[in-house]
Amino acid sequence: MSARQQGDPAGTHRVVVLGAGYAGLSAATQLAARVKGRADVSVTVVNERDHFTERLRLPMTATGQPTAELDIPGLLEGAGARFVRGRVTALDAEERTVRIDDARLLSYDTLVYALGSVADTAAVPGAGAHAYALDGARDAEALAERLARLARGTVVVGGSGLTGVEVAAEIAERHPELDVVLLGRDEPGASLGPRARAHMRSAFERLGVRVRGGVEVVKVLPDAVELAGGEWVAADVVVWASGTRVAPLAASAGLAVDERGRVLTDAVLRSVSHPSVYAVGDAASVRQGYGVLHGTCQSGMPTGVHAAVSIARALRGKRPKPFRFGHYHAPVSLGRGDAVVQFTRPDASPRRLCLTGRVAVRYKEAVTAAPWSVFGRTAKLPAAAAFWPRGGRFTRVRGQR
């Protein structure tokens, strides 16, 4: 089944967006709004689930806390885009086709590749078989069910980055009967400023989270993790939050990718090897003056919007503009009643200013809740979502204009 077989007239420019996460929906709603009323352009979104996964709330889902049911088809219908539910199993970048569930074939003229990333459980032996990862709502719900069955025991969170911090705090707060241990190479909050790190340490002491920095998990067993040097840490449950990886789909299709499998992009977010493909979010290797973007909702949504604006400009015969983005904050939940918000320079290095406690909780909740309402507003007023910090001198890449 091709897009034209679904009702597109001959001559229609078919834009297909793979993935309906933060970046994918930003691209889809932005582009659909900008081409609304044009019979010669169609926008189709492919996603495995018809409910939007709020990845920022997965630590809540993992501890049994209810979250909103957000309907992707309804959102896209209002925006003027088509929704196809299914899993992308193959991409042919030469023929410009996408295979869905190994059964359906979707053709495109322009593709937005927004399939995101998952926890890198393949990096450590046993992590894939014995650890829980928060890659989606189903994974988080499975972890919540397991934790609910534990009357007592030890939960090891592998990875001391901000995801690991939020997961450890959420579990400790919701399950005080469990012993939570956070393991990682670095001190939790290592990328934050001194005041934010101190507040984080205080929160962990209050919640009873045991933190061990400077350690590396080299193997996950059914009832323990093994550290470099041979030490074992007993565990009834292991949650894996150390590093991410992307699907091999892009590399298999012959797109130029970096060492992590992310699609290499040019200044306007097109694939350097296949200009009909735009890559956004975690699945894209997007270079700025300070380095390659690390995947977050904060930067992912702007990449989606910029790709859509670039496509819309190209459809009007105009030259797309280079993408520039500067970081501005790092909000971190420490359970439901505490948080820290570190304000940053465009290159993500910490400024002196940070928020803690209840003020930070309100700020973090506003950030977490914002994307869905932004998608809705974008469908009516696309320009409203096209503003973000460009980062000044931090983001300039030599040779770009």
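The values are calculated or read from the model by the stated rules, or taken from the named source; none is laboratory data. Source: prediction; values computed, not measured. All Cβ positions, even for glycine, are placed from backbone atoms using ideal geometry, and neighbour counts span all protein chains on display. Ligands, DNA and RNA are stripped out before the accessible areas are found, and what is left, the full protein with its side chains, is counted by its heavy atoms. Shrake-Rupley method; radii C 1.70, N 1.55, O 1.52, S 1.80 Å.
Taking Gly11, Gly24, Gly189 in turn, the Gaussian network model of the chain (Cα-Cα springs below 10 Å) assigns the largest fluctuation to Gly11.
Using a simple spin-label model with pseudo-atoms 7 Å out from Cα toward Cβ, Glu48 and Ser273 lie 2.4 nm apart.
Values of log10 I(q)/I(0) for region 63-183 across q = 0.09, 0.16, 0.23 Å⁻¹ run -0.41, -0.95, -1.36, by the Debye formula with one identical scatterer at each alpha carbon and no solvent. Partners of Lys380 within straight-line reach, counting aspartates and glutamates whose Cα lies under 18 Å from its Cα and excluding those fewer than 8 residues away in the same chain: Asp71, Glu77. For region 156-266, the Kirkwood estimate of hydrodynamic radius, built from reciprocal distances between every pair of different alpha carbons, is 15.6 Å.
Taking all pairs of different Cα atoms in the chain, averaging 1/r and flipping that mean, what Kirkwood radius in angstroms comes out? Let's see the in-between values first.
Numbers: mean 1/r = 0.0456 Å⁻¹.
About 21.9 Å for the chain.
Of the peptides 346-352, 297-303, 203-209, the ranking by mean beta-carbon count within 10 Å, highest at the top, reads 297-303, 203-209, 346-352.
Taking 0.36 nm per residue of separation and subtracting the current Cα-Cα distance, fully stretching the chain between Asp40 and Ala90 would add 15.4 nm.
On a 0 to 90° scale, report how tilted helix 162-174 is relative to the longest principal axis of the chain, with both axes built from alpha carbons and the result rounded to the nearest 10. For 162-174 against the chain, the angle is about 60 degrees. Heavy atoms of the protein chains alone define the surface here; on that basis the chain has 44 Å² accessible area per residue at 1.4 Å probe size.
Normalised by the number of residues in region 60-196, the average gap of Cα pairs under 8 Å and 6 or more apart makes the relative contact order 20 percent. For the chain, the longest principal axis of the C-alpha atoms and the axis of helix 22-34 are separated by about 30°.
Against the chain, whose longest principal axis comes from its Cα atoms, helix 137-149 is set at around 20 degrees.
Surface composition of the chain: carbon and sulfur make up 49 percent of the accessible area, probe 1.4 Å. What shape does region 32-129 have by the C-alpha gyration tensor, where a ≥ b ≥ c are the square roots of the eigenvalues, rounded means a/c under 1.5, and otherwise prolate means a/b greater than b/c and oblate the rest? Oblate, since a/c reaches 1.5 and b/c is not below a/b.
Counting DSSP beta bridges in the chain, what percent are antiparallel, to the nearest 5? Let's see the in-between values first.
Values: 32 of 66 bridges.
Counting only bridges with both partners in the chain, antiparallel ones make up about 50 percent.
Given an 8 Å cut-off on Cα distances and at least 6 residues of separation, report the relative contact order of region 160-205 as a percent. It comes to 41 percent, rounded to a whole number.
Among the aspartates and glutamates, select those whose C-alpha is under 18 Å from the C-alpha of Lys318, and discard any that sit fewer than 8 residues away in the same chain. Excluding near neighbours in sequence, the set is Asp40, Asp109, Asp266. Note on Arg206 and Asp71: the model spin-label points, each 7 Å out from Cα along the C-beta direction, lie 4.0 nm apart. Relative contact order of the chain, taken over Cα pairs closer than 8 Å and 6 or more residues apart, is 18 percent.
To the nearest 10, the accessible area of Ile100 is 0 Å² with a 1.4 Å probe. Each residue was assigned an accessible area with a 1.4 Å probe, and for Glu177 the value is about 80 Å².
For Arg152 and Glu231, a Förster radius of 22 Å and the Cβ-Cβ distance give a FRET efficiency of 0.45, rounded to the nearest 0.05.
How large is the charge dipole for the chain, taken about the Cα centre, if only the Cβ atoms of Lys, Arg (+1) and Asp, Glu (-1) carry charge, to the nearest 20 debye? Working shown, then result.
Values: 52 positive and 39 negative charges, 449 e Å.
Using only the charged Cβ atoms, the result is roughly 2160 debye.
Give, as ranges by residue number, the residues of region 330-349 whose backbone N falls under 20 Å from the point 7 Å along Cα→Cβ of Ala369. Inside the label zone: 330-342.
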